[in-house]
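The values are calculated or read from the model by the stated rules, or taken from the named source; none is laboratory data. Source: prediction; values computed, not measured. We place every Cβ from the backbone using ideal geometry, glycine too, and count neighbours over all the protein chains shown. Note: accessible area is taken over every heavy atom of the protein model, side chains too, but ligands, DNA and RNA are not part of it. Shrake-Rupley method; radii C 1.70, N 1.55, O 1.52, S 1.80 Å.
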Amino acid sequence: MVVKQLFGQNLHTYRKLRKLSQEQLAEKLDISVKHLSTMETGKVFASAELIEKIAKELDISISALFYTDNEKTCDESDFSKIEFIIEEENLKAIMSMKERIREMKSIK
């Protein structure tokens, strides 16, 4: 299973266990409902900071978002994959922000 999909399924499961709607959790996380929905479906991944906020709001450990019932533990390979995805997604976010700042400067 792809890490983004596993993360999304676990996010969905824990949100439901806490009896929160997507709207309620998105508001607590200060993100759009669409962003939360795309994370739950495994289409996008959360930044490290957002993962921390999610775990805090759902009152779970961060690692709970990355395992299945069949695999309760992660090995070094799993952690490396997770770190790679987080770094890749953070880099994309930084590049996007830089581009938006450049665009804002060019409008003035």
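At 0.36 nm per residue, minus the direct Cα-Cα distance, what do Ile101 and Thr68 gain on full extension? Give it in nm, one decimal, please. Please report the intermediate quantities before stating the final value.
On the way: separation 33, 0.36 × 33 = 11.88 nm, distance 3.95 nm.
In short, 7.9 nm is gained.
How large is the direction-averaged shadow of the alpha-carbon convex hull of the stretch 1-101, in nm²? Walk me through the numbers on the way to the answer.
Details: hull surface 25.8 nm².
Result: 6.4 nm².
How far is helix 76-107 tilted off the main Cα axis of the chain, in degrees rounded to 10, range 0 to 90?
So the helix axis and the longest Cα principal axis differ by about 20 degrees.
Relative contact order of the chain, please, whole-number percent, based on alpha carbon pairs below 8 angstrom and at least 6 residues apart. Show your work: numbers first, answer last.
Working: 80 pairs, mean separation 33.1, N = 108.
The normalised contact order for the chain reaches 31 percent.
Please give the length that would be gained between Ile94 and Val33 if that part of the chain were fully extended, namely 0.36 nm times their separation in residues minus their C-alpha to C-alpha distance (nm, one decimal).
Numbers: separation 61, 0.36 × 61 = 21.96 nm, distance 2.15 nm.
Contour length minus Cα-Cα distance gives 19.8 nm.
At a 1.4 Å probe, what is the % contribution of carbon and sulfur to the accessible area of the chain? Each step should come with its number before you reach the end.
Values: 4000 of 7550 Å².
The C+S portion of the solvent-accessible surface of the chain is 53 percent.
Give me the net charge for the shell around Lys4: Cβ to Cβ below 15 angstrom, other residues only, Lys and Arg +1, Asp and Glu -1.
-3
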